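One structure below.
The values are calculated or read from the model by the stated rules, or taken from the named source; none is laboratory data. Quick caveat, the model's predicted, so the values are computed rather than measured. The area values use the complete protein model at the heavy-atom level, side chains included, leaving out ligands, DNA and RNA. Shrake-Rupley method; radii C 1.70, N 1.55, O 1.52, S 1.80 Å.
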Amino acid sequence: MKFEIIENLDNITRKIDGFTTPPVLEGKPTLIQINKQILTSTGLRPMTNIEIAKTILHECIHAYLAIKGKYPDAGGST
């Protein structure tokens, strides 16, 4: 897995706190992007520490499910 902090993931129709991109090619990491606007008190949408933790956990679950879907025999729980 690879994490990136993106300046602003929001688009015109949605406010996006985080986004997970599953690996397209074998050997490439799953990419988790976190919106910088939720991380700082001066951002457009600051969040509490627990809200940030929930967002990161949410995206990690997406990443886990994407990896298990693509590689069902990979380690970890079923």
* Structure fact -> antiparallel share of DSSP beta bridges within the chain, to nearest 5, in %, is 45
* Enclosed volume per residue, in Å³, of the convex hull spanned by Cα atoms of the chain -> 104
* To do: Mind pulling the angle between the C-alpha long axis of helix 49-70 and the longest principal axis of the chain? Nearest 10 degrees, somewhere in 0 to 90.
  => 30
* May I ask you to give the percent of accessible area on the chain that is carbon plus sulfur, with a probe radius of 1.4 Å? => 61
